[in-house]
1. Sum up the charges of everything whose Cβ sits under 15 Å from the Cβ of Leu23, counting Lys and Arg as +1 and Asp and Glu as -1, but leave Leu23 out.
2. Beyond 23 Å, how much of the Cα-Cα pair distribution for the chain remains, as a whole percent?
3. Show me, for the range 47-62, the HN-Hα J-couplings you get by feeding each phi into the Karplus relation (A = 6.51, B = -1.76, C = 1.60, θ = phi - 60°), rounded to Hz, glycine and proline as x.
4. Apply 1/(1 + (r/R0)^6) to the Cβ-Cβ distance of Ala16 and Ile71, taking R0 = 30 Å, and write down the FRET efficiency to the nearest 0.05.
5. Of the heavy-atom accessible surface of the chain (probe 1.4 angstrom), what whole percent is carbon and sulfur?
6. What is the sum of charges, Lys and Arg at +1 and Asp and Glu at -1, for the other residues whose Cβ falls under 12 Å from the Cβ of Ser73?
7. Pop the C-beta distance of Glu41 and Asn4 into the FRET formula with R0 = 25 Å and round what comes out to the nearest 0.05.
8. Rounded to the nearest 500, what is the 222 nm mean residue ellipticity of the chain from helices alone, with -39500 (n - 2.57) per DSSP H run of 4+ residues and division by all residues?
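The values are calculated or read from the model by the stated rules, or taken from the named source; none is laboratory data. What you are looking at is a predicted structure, and each value in this text was computed from that prediction instead of being measured. Positions of Cβ are generated from backbone atoms using ideal geometry, with glycine treated the same way; all protein chains shown enter the neighbour counts. To get the accessible areas, we keep the full protein, side chains included, count just its heavy atoms, and leave off ligands, DNA and RNA. Shrake-Rupley method; radii C 1.70, N 1.55, O 1.52, S 1.80 Å.
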Amino acid sequence: MRFNKRAFFRKNDLEAETLPVNLTSMGAQQQQLVFGNVKQERVIARFLRPVSVRTGYFVVDDKVYQITMNITSERRTALYGVEYHGRL
């Protein structure tokens, strides 16, 4: 698994964090099965280490994603995100 992209998290006006991420786009069938619709682009962001974030937004390649689901184990974190088109 390649962690070749960078995810940017903004916690508040003073704190921000950039982490290596593996970003996988979900196919239409998988989106329909898991979420029930295919109108918005959904991605899975996998991180090398656990990330302490539950809700919010992250930015990868100038696209903003809203966190919809967080799966954290002892070693890694996977965030499900949906493309967000509003203001941050």
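1. My count for the surroundings of Leu23 gives +3.
2. Details: 726 of 3828 pairs.
Everything past 23 Å amounts to 19 percent.
3. Residue by residue, the range 47-62 yields 10, 5, 10, x, 10, 8, 9, 10, 10, x, 9, 9, 10, 9, 6, 6 Hz.
4. Details: r = 23 Å, r/R0 = 0.77.
The formula returns an efficiency of 0.85 here.
5. C and S atoms contribute 46 percent here.
6. Once positives and negatives cancel, what remains is +3.
7. So the FRET efficiency works out to roughly 0.85.
8. Only helices count here, giving -2500 deg cm²/dmol.
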